[in-house]
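Report on one structure; see the data block that follows.
The values are calculated or read from the model by the stated rules, or taken from the named source; none is laboratory data. Because the structure is a prediction, the values reported are computed rather than measured. Reconstructed Cβ throughout: ideal geometry from the backbone, glycine too, with neighbour counts over all protein chains shown.
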Amino acid sequence: MSILITGTAGHLGEALVRRLRAEGRSVVGIDLKPSAFTDHVGSICDRSFVERCMKGASAVVHAATLHKPHVATHSRQSFIDTNVSGTLVLLETAISTGVQSFVFVSTTSAFGSSLGRPNSAPAIWVSEGLPSGPRNIYGVSKVMAENLCELTHQQSRLPVVVLRTSRFFPEDDDSADIRRHYQTDNAQLNELLYRRVDIEDAVSAVTRALERAADIGFSRYIISATTPFTSDDLPQLGHDAPAVVRRLFPESEALYAARHWKLFPQIDRVYANDRARAELGWTPKYDFAFALKCLANGQDFRSALSRQVGRKGYHEESFAEGPYPVA
């Protein structure tokens with residue numbers, strides 16, 4: 001029995017194929033784009049293609065998506081077709097072919113407008129109980145797909161686990177202000193405090209979800225590096241985040257100064273992964289404390305898997321104003 005993985009030309013899809021095959025697991029990868037990790041090229045909206053590829057699979061990991069970088073370059077209908085209709089095709093085919101577990105890779109963008117706050121207000125503690133409030137068609141389509149997953153479980157009892165992942169792409173930030181004031185490594189290490197996950201930890205979350213899906217039935221989990229903050233830190237994070245970080249990690253000041261790096265002056269949200277660690281038995285490794293140890297030893301704070309997958313870019317073409325046009 002094999003595991004069908006969608007989106008294997010992408011960052012997480014490739015990482016999953018690399019890791020699972022290295023463990024001796026049977027994997028079938030599909031994507032619209034050919035790649036060294038894609039066995040069959042085709043659309044998840046094509047039911048006959050999906051049926052052929054899913055035959056004999058015991059589990060499905062659905063990582064294929066149009067995502068935020070495509071909002072300004074693709075139509076809303078394209079997002080509905082790929083992220084919603086494609087997910088429905090996969091779910092219905094999983095039921096008809098006897099798949100035993102289904103993992104859907106979603107996004108913390110589902111929280112969207114629920115993360116809004118006045119400047120210098122306390123940071124927002126983001127747990128699974130925070131209401132969804134997507135701000136663009138990407139977020140809307142992913143929440144719709146999540147709801148299809150939940151409905152499918154309710155009606156068919158297919159075990160489905162939804163993973164709301166935070167940032168794991170190594171590409172430059174879409175914010176011109178961030179790119180102007182922070183080196184990419186600096187910004188992404190800062191994000192490990194509150195809104196980033198290393199791709200190796202994302203892969204281990206998926207594998208734990210596959211193992212636990214039958215017992216869980218249905219649930220949503222935030223997948224982000226373990227934050228060092230607590231809810232007591234939220235007021236100060238909203239107006240003086242460096243003071244909180246220096247209190248928790250006094251060694252960070254010298255390590256940052258040696259590289260001419262700097263912390264973000266404010267942090268607006270903190271993704272909490274408590275439920276995923278407790279219910280999935282997930283143990284992420286690549287957090288801010290680990291990264292500081294790597295800096296102290298002159299090592300890359302990213303996992304070997306992250307470095308192997310590397311950058312892919314968001315589009316076939318390049319844009320003068322940034323890694324992708326912002327809608």
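With V160, V126, V143 as the choices, which residue is touching an Asp or Glu at 6+ places or on another chain (Cβ under 8 Å) and of a type outside the set (F, W, Y)?
V160
Looking at region 170-191, which of its residues are farther than 17 Å from A320 by Cα and part of a loop (DSSP other than H, G, I, E, B)?
Answer for region 170-191, where residues must be farther than 17 Å from A320 by Cα and part of a loop (DSSP other than H, G, I, E, B): P170, Y182, Q183.
When the residues of region 158-169 are narrowed to those that are modelled with pLDDT of 95 or more and part of a loop (DSSP other than H, G, I, E, B), which ends up nearest to the chain's Cα centre (by Cα)?
Going through the qualifying residues, I end up with S166.
Residues are listed down the side, and each one gets a yes or a no for (1) in contact (Cβ under 8 Å) with a residue 24 or more places away in the chain; (2) not hydrophobic (A, V, I, L, M, F, W, C):
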site	(1), (2)
Q77	no, yes
N83	yes, yes
T87	yes, yes
L91	yes, no
A94	yes, no
S101	yes, yes
L115	yes, no
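For region 138-157, name all the residues that are of a type outside the set (D, E), surrounded by fewer than 22 Cβ atoms within 10 Å (Cβ to Cβ) and either touching a Phe, Trp or Tyr at 6+ places or on another chain (Cβ under 7 Å) or part of a loop (DSSP other than H, G, I, E, B) (or both).
Selection gives H153, R157.
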